[in-house]
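Down below is the structure, laid out as structure tokens.
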Amino acid sequence: MDYTMNHTQPPRDGNRDPQMAPHGVFRCAGEQRWVAIAVRTDAEWERLARIIGHPELATQAYRTLTARKSHEDDLEALVTAWTSGRSPEEVTRLLQEAGIPAFPSMSSKDLSADPHLGEAGFFVNLDHPEVGVRQHIGIPWRLNGSPCAVQRPAPCLGEHTNYVMTEVLNYSPDDVDRLKADGVLK
């Protein structure tokens, strides 16, 4: 809105949020392990400060959102010092138990093995003619009265060329054959 009205480019703020602090993704123990944390209120900050072993910060320099925003680099360093010695799952458990939004940042492999996504039927296994059965990402929403599902694996190279060229683009079969002979199409 600011850009549209005033032609002012907003500053880059990474994962920071103007109404929350701390808010971001924090390094955890292990290789490329991270956890997302969002502190929405002063009360959540007070609980987080206790959990990370600095309860005094909830009543001193970082008590209010304004104060936390003005010292965000220092605040994030404190949180990272605490998260970096723990797994994202441990951090998530501790913070969620205290009512603070937190969740591990997951790799594709992590997502693939996630029991919640598996139970929800998010992934589907489909047989591909060249690589065999593979897991595919499903449709992330459900619609009443619609199958709304991944019904077939990815096509092989050139599998739908004739259909697209003749039915969608109205090329004649002779033109398609000529383009294939010239190496333009597979």
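In the chain, how does Rg compare with the Kirkwood Rh, expressed as the Rg/Rh ratio over alpha carbon atoms?
Here the Rg-to-Rh quotient is 1.20.
Compute the length gained on full extension between ARG40 and GLU97: take 0.36 nm times their separation in residues and subtract their Cα-Cα distance, giving the result in nm to one decimal.
19.0 nm
Mind giving me the FRET efficiency for ILE139 and SER84? R0 is 35 Å, r the Cβ-Cβ distance, nearest 0.05 is fine.
The calculated FRET efficiency here is 0.45.
Using Cα pairs under 8 angstrom and six or more residues apart, how large is the relative contact order of the chain, in percent? Intermediate values should be presented prior to the final figure.
Values: 210 pairs, mean separation 27.5, N = 186.
Dividing the mean separation by the residue count of the chain yields 15 percent.
Enter the per residue convex hull volume of region 2-105, computed from alpha-carbon coordinates, in Å³ rounded to the nearest integer. Please list the in-between numbers first.
Numbers: hull volume 10.9 nm³, N = 104.
Convex hull of Cα atoms, per residue: 105 Å³.
Is there a quick way to get the dipole size of region 70-153? I mean about its Cα centre, with the Cβ of Lys and Arg at +1 and of Asp and Glu at -1; what is the value in debye to the nearest 20?
Value, rounded to 20: 520 debye.
Write out the GluC sites (Glu not before Pro) in region 81-186 meeting two conditions: DSSP loop, and at most 16 other Cβ atoms within 10 Å of their Cβ.
Taking region 81-186 and a limit of 16 other Cβ atoms within 10 Å, the loop GluC sites (Glu not before Pro) found are GLU130, GLU159.
What FRET efficiency comes out for the pair MET5/GLU72, r = Cβ-Cβ distance, R0 = 25 Å, nearest 0.05?
Efficiency computed from Cβ-Cβ geometry: 0.45.
Between LYS109 and ALA29, what is the label-to-label distance in nm when each label sits 7 Å out along the Cα-to-Cβ direction?
Between LYS109 and ALA29, the label points sit 1.9 nm apart.
Values quoted throughout were computed directly from the atomic coordinates according to the rules given, and no laboratory measurement underlies them. If you're wondering where the values come from, they're calculated on a predicted model, not measured in any experiment. Please note: Cβ atoms are built from the backbone with ideal geometry, for glycine as well, and neighbour counts cover all protein chains shown.
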